[in-house]
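Engineer: Before anything else, here's the structure in question.
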There are 2 protein chains.
Amino acid sequence: MRIAVLGTGVAGQLLAGKFAELGHDVMMGTRDVTATLARAEAAAWAVVHPGVRVGPLADTAAHGELVVNATSGGASVDALTMAGADRLAGKVLIDVANPLDFSGQTAGLPTTLLVEDTDSLAEQIQRAFPEARVVKTLNTVNASVMVDPQHLAGGDHTMFVAGNEPEAKSAAIELLRELGWRDVIDLGDLSNARGQELLVALWLRLYGALGTPDFNIKVVR
Amino acid sequence: MRIAVLGTGVAGQLLAGKFAELGHDVMMGTRDVTATLARAEAAAWAVVHPGVRVGPLADTAAHGELVVNATSGGASVDALTMAGADRLAGKVLIDVANPLDFSGQTAGLPTTLLVEDTDSLAEQIQRAFPEARVVKTLNTVNASVMVDPQHLAGGDHTMFVAGNEPEAKSAAIELLRELGWRDVIDLGDLSNARGQELLVALWLRLYGALGTPDFNIKVVR
């Protein structure tokens, strides 16, 4: 499948690399290709992933049959606007971003969230791009767990999906299975992304308590 | 130990009954004893739990060496005020309540939370009763799981505690162990209760997706 990964941070890099490894035709999008490739770690990443083209957001979105939003949550709507509503229309848009507010960050304190349980970033994106088929998933784990759930307890833990369209969720779940996710819970429509995004408030504190981001939750039932 | 359970809802009843079964000297407090015992299910509960006295909030708080807040989250500070700051001073106060806003509830929609990730009910209680030794725990599961974690996957799932005072947390953890909790994660000071309380946003949606409140999360690491 032709997959567009928007965002060149750690999540974008790991997802793009993994999708390419799985045989997909992957392009990774950034606001400013020159500036991104001037970053030493991004340039090094590009060298070892020659199969993944790095391009502008619009070209990348045009490339993808399926689009992944791996941009920073606070900048996601802007980045998707640059990608272009017409290039997202009709496509499954997997939103893995978290609405984190880094503005008040001080040493030892978790960042806060930009949403309450009356809205979510995923719903904001869906409202801004009504023709995109938004599915929220993967935001509840570190990027290293997103792309390789099996390395943690043999994959015996849970991923959530939420979205308004069953077919779009099926496509997202199929991709999750390719990544190695076995236990996927469909929470329902996209308003349930509020639960997924608010879990990040606990995630940040568990990161602090456990001293590692390499964990996940399993829903025991 | 002399334990005061404030609140006569399902959580209060199950906790008081279980603590009594474990050999503690338990009293259960309510705003209006006559009105509570006029409720058929509460009266029936009292009949089969003769070892648990039901009394006014103030008398109950005076009885307890350790106090459990199992009142409705939106009414907790009021109920604790009726219990009396002087009767809570110096005592471990285990807060199991959730700051749920039932005002906007409509069929099929979860209730919303009264807090964001910049505050929590537990911190509000600690600010209102600075001499109480508040520990947040048990709010992340249904009452049936609180008092009997072993019936679910043999107890292989996780409980969280947060509080400002290590000794108070140790007392709470000891009580959790008596209930059967094996995996208890200390998140740190009481501000971490924000993570525990915001998890309820996901819990409510999982309840909807799974069709049962009889589940919990395990932190896989």
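Derivation of every value follows stated rules applied to the coordinates shown; laboratory data play no part. Note that the structure is a prediction, hence the values are computed from the model and not measured. So basically every Cβ, Gly included, is an ideal-geometry build from the backbone, and we count neighbours across all protein chains shown.
Engineer: So in the range B:190-221, with the set limited to residues that are surrounded by fewer than 18 Cβ atoms within 10 Å (Cβ to Cβ) and not small (Gly, Ala, Ser), which one is farthest from the chain's Cα centre (by Cα)?
Structural biologist: Selected residue: B:Arg221.
Engineer: A further question on this structure: If I go through the range A:152-189 residue by residue, how many of them are in contact (Cβ under 8 Å) with a residue 12 or more places away in the chain, farther than 26 Å from A:Pro213 by Cβ and of a type outside the set (D, E, K, R)?
Structural biologist: 4
One line per residue, one yes/no per condition, for (1) under 16 Å from B:Leu80 (Cβ atoms); (2) not charged (D, E, K, R):
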{"site": "B:Leu121", "(1), (2)": "yes, yes"}
{"site": "B:Ala128", "(1), (2)": "yes, yes"}
{"site": "B:Ala132", "(1), (2)": "yes, yes"}
{"site": "B:Ser144", "(1), (2)": "no, yes"}
{"site": "B:Gly154", "(1), (2)": "no, yes"}
{"site": "B:Arg182", "(1), (2)": "no, no"}
{"site": "B:Asn192", "(1), (2)": "no, yes"}
{"site": "B:Gly195", "(1), (2)": "no, yes"}
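Engineer: So B:Asn139 ticks every box in (1) over 25 Å from B:Gln13 (Cβ atoms); (2) more than 10 Å from chain A (Cβ to nearest Cβ); (3) touching a strand residue (DSSP E or B) at 6+ places or on another chain (Cβ under 8 Å) but one. Which box is left unticked?
Structural biologist: It is condition (1) that B:Asn139 fails.
Engineer: Right, another one. Does A:Glu178 count as away from chain B (no Cβ under 12 Å) and touching a Phe, Trp or Tyr at 6+ places or on another chain (Cβ under 9 Å)? Steps first, please.
Structural biologist: Working: away from chain B (no Cβ under 12 Å): yes; touching a Phe, Trp or Tyr at 6+ places or on another chain (Cβ under 9 Å): yes.
It is true that A:Glu178 is away from chain B (no Cβ under 12 Å) and touching a Phe, Trp or Tyr at 6+ places or on another chain (Cβ under 9 Å).
Engineer: Is it fair to say A:Leu187 is buried (at least 23 other Cβ atoms within 10 Å of the Cβ) and either at the interface with chain B (Cβ under 7 Å from one of its Cβ atoms) or on the phi < 0 side of the Ramachandran plot (or both)?
Structural biologist: Details: buried (at least 23 other Cβ atoms within 10 Å of the Cβ): yes; either at the interface with chain B (Cβ under 7 Å from one of its Cβ atoms) or on the phi < 0 side of the Ramachandran plot (or both): yes.
When the stated conditions are applied, A:Leu187 passes them.
Engineer: Hey, among A:Met146, A:Met159, which residue is closer than 19 Å to A:Leu199 by Cα and either away from every other protein chain (no Cβ under 14 Å) or surrounded by fewer than 21 Cβ atoms within 10 Å (Cβ to Cβ) (or both)?
Structural biologist: Values: A:Met159 fails: either away from every other protein chain (no Cβ under 14 Å) or surrounded by fewer than 21 Cβ atoms within 10 Å (Cβ to Cβ) (or both).
It is A:Met146.
Engineer: Oh, and also: Working only within the range B:147-164, note down all residues that are of a type in the set (Val, Ile, Thr) and out of contact with any strand residue (DSSP E or B) (no Cβ under 7 Å at 6 or more places or on another chain).
Structural biologist: Keep residues of the range B:147-164 that are of a type in the set (Val, Ile, Thr), which gives B:147, B:158, B:161.
Within the range B:147-164, B:Val147 is the sole residue that qualifies.
Engineer: Kindly provide the set of residues from the range B:41-82 that are part of a helix (DSSP H, G or I) and in contact (Cβ under 8 Å) with a residue 60 or more places away in the chain, ordered by number.
Structural biologist: Step one: filter the range B:41-82 for residues part of a helix (DSSP H, G or I), giving B:41-48, B:57-63, B:73-82.
Once the filter is applied, which keeps residues that are part of a helix (DSSP H, G or I) and in contact (Cβ under 8 Å) with a residue 60 or more places away in the chain, the range B:41-82 yields B:His63, B:Ala79, B:Leu80.
Engineer: Output the residues belonging to the range A:190-205 that are at the interface with chain B (Cβ under 10 Å from one of its Cβ atoms) and more than 12 Å from B:Leu202 (Cα to Cα).
Structural biologist: Restricting attention to the range A:190-205, the residues satisfying the condition of being at the interface with chain B (Cβ under 10 Å from one of its Cβ atoms) are A:191-205.
Once the filter is applied, which keeps residues that are at the interface with chain B (Cβ under 10 Å from one of its Cβ atoms) and more than 12 Å from B:Leu202 (Cα to Cα), the range A:190-205 yields A:Trp203, A:Leu204, A:Arg205.
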